[in-house]
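Just so you know, all these numbers are worked out from the coordinates, no wet-lab data involved. Keep in mind it's a predicted model, so treat the numbers as computed, not measured. Please note: Cβ atoms are built from the backbone with ideal geometry, for glycine as well, and neighbour counts cover all protein chains shown.
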């Protein structure tokens, strides 16, 4: 054994594997890597239930920093009081097994916590539920990993003369490990094998680190074997990647760099959802041309833009292409329309072609919607010739808002100015706002007021039977006259009836002063207010069922 004197004059017995400090540095490296991997895994585990908004990320980062800080304090005191490395690698073993258990029980805990809180929390549900889930699932293992650095300092510093260099080396190994632990889950493991297996991979790395130590030191053979057996069971029962574990009829359940993806079919309809708790993002009906959903309402935009009277081909740009339902609708009713789409998630585009019958000749660019418009603005005349009519469009649809996950850069005055600049004279922007709030100063008012800073005329229509609201923006009231003229000459009776319904419910928007800019766009907080309102409405419904029929009524409703 190598001896190391403590301040109290006692000697620390270090196993031979720690003699040259390399294993200590490797411990620091893999601990830093695992912390970041767990943090990124936490975001993916929570996203299908609570979204991947900045609010959720703030909660994840905050709780993990709390855990690490407490771990640093405890680790330092523990190292001074009892600097036995067996204790450190024992804590690493426990942390590894806890992380390995997350794929097995994590999603059940999240649903249980959400189910418990949804009946008790009336405001800020997402914040409270996400914070509670983080505290229960992730704080303890990361607290244990937080004890690693102060303990390793105790074993690696030989004297004050080299303490700065040694501590600097430890921090460097931790930082390099953290960098690798950031990139590997995002770009390799999660897209390739999913979130659950990613947790198991990094738990396995930590456990292997501890096992090598205990085997080399020839101690705790039984406990080490038990730990290995528990990890094996976690691998057997925790590799299931299903987040919606109560559903057994899913056509596709997958993950991409950006989203959790769920495709399922009901009769002739195909649905895409990028989360578990907040409805669906895309619906396509193979048989019925009009679905009654927001895509049908958005069909008013081409009529407003004069599609029925123009000799030139209609140019449509869709920012947030999704599965392309709106593009398919435009092709059904307006013939050979030139449609271009922008979708940041290429896996969604692949699903669109495979399950939602998106025509192959519709060009979809994998890019951020705003960055795409910025790129068009910087193109030369020769380059831009292949996009719309030299980068300008009759209709631009903005459909990039998902529940609370609203990209702030696509909700600001600067963005809508960019959209305006890429419309033809008489062009129309249509925005799908998917959460209709009733309180003053809600997210939709902010969006509409911001748009009114750029466009002269704003009209909105609420989608029947849902929470969506369609907003139409253009520069001249003549677009309304054009709309009426084109609807009157429409030969498809079903589409004509739908457009008449839109006109009857169209409301001119009186703008206020809630303007969002690139510098200030609190979209997450505003969206969360609407989410709370929607949750309260849904909970009130279940409460009425409970009051009338008790738990039996709730069970019958959920199982029907």
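Return 140, 415, 199 ranked ascending by Cβ neighbour count within 10 Å, so the fewest neighbours appear first. Please report the intermediate quantities before stating the final value.
On the way: 140 16, 415 26, 199 29.
With the fewest neighbours first, 140, 415, 199 line up as 140, 415, 199.
Full extension from residue 366 to residue 86: what is 0.36 nm times the residue separation minus their Cα-Cα distance, to one decimal in nm? Provide the component values of the computation, followed by the final result.
Values: separation 280, 0.36 × 280 = 100.80 nm, distance 5.04 nm.
Additional length available on full extension: 95.8 nm.
From the helices alone, meaning DSSP H stretches of at least four residues, give me the mean residue ellipticity at 222 nm for the chain, per-run term -39500 (n - 2.57), in deg cm²/dmol to the nearest 500. Provide the component values of the computation, followed by the final result.
Values: 21 runs with 312 residues, N = 560.
It comes out at -18000 deg cm²/dmol, rounded to the nearest 500.
In angstroms, what radius of gyration and Dmax does segment 2-238 have, counting Cα atoms only?
For segment 2-238, the Cα-based Rg and Dmax read 18.6, 60 Å.
Which angle from 0 to 90°, rounded to the nearest 10, does the C-alpha axis of helix 443-452 make with the longest principal axis of the chain?
Tilt of helix 443-452: around 50 degrees.
Using only Cα atoms, locate the centre of segment 117-145 and the centre of segment 284-302, then give the distance between them in Å, rounded to an integer.
Between the Cα centre of segment 117-145 and that of segment 284-302, the gap is 39 Å.
May I ask what percent, to the nearest 5, of DSSP beta bridges between residues of segment 337-460 are antiparallel? Intermediate values should be presented prior to the final figure.
Details: 1 of 9 bridges.
Around 10 percent of the beta bridges assigned by DSSP in segment 337-460 are antiparallel ones.
Hey, how many Å between the Cα centroid of segment 74-89 and the Cα centroid of segment 437-513?
If you average the Cα positions of each part, the centres end up 65 Å apart.
Counting only DSSP beta bridges with both residues in segment 287-524, what percent are antiparallel, rounded to the nearest 5?
Details: 14 of 31 bridges.
Around 45 percent of the beta bridges assigned by DSSP in segment 287-524 are antiparallel ones.
To make sure I understand, if each residue's beta carbon is the centre and we count other beta carbons within 10 Å, what order do 489, 527 fall in, fewest to most?
Numbers: 489 11, 527 28.
Sorted ascending by nearby Cβ count, the order is 489, 527.
What are the semi-axes of the equivalent ellipsoid for segment 287-524, taken as the square roots of 5 times the Cα gyration tensor eigenvalues, largest first, in whole Å? Before the final figure, lay out each step's value.
Details: eigenvalues 108, 99, 69 Å².
After diagonalising the Cα gyration tensor, the semi-axes are 23, 22, 19 Å.
Given the C-alpha centroids of segment 152-185 and segment 352-369, what is the distance between them in whole angstrom?
Between the Cα centre of segment 152-185 and that of segment 352-369, the gap is 47 Å.
What is the packing order of peptides 471-477, 49-55, taking the mean over residues of other C-beta atoms within 10 Å and listing the highest first? Spell out each step's value before the answer.
Details: 471-477: 20.6, 49-55: 22.9.
Order by mean packing, descending: 49-55, 471-477.
Rounded to the nearest 5, what % of the DSSP beta bridges within the chain are antiparallel ones? Please report the intermediate quantities before stating the final value.
On the way: 32 of 49 bridges.
Around 65 percent of the beta bridges assigned by DSSP in the chain are antiparallel ones.
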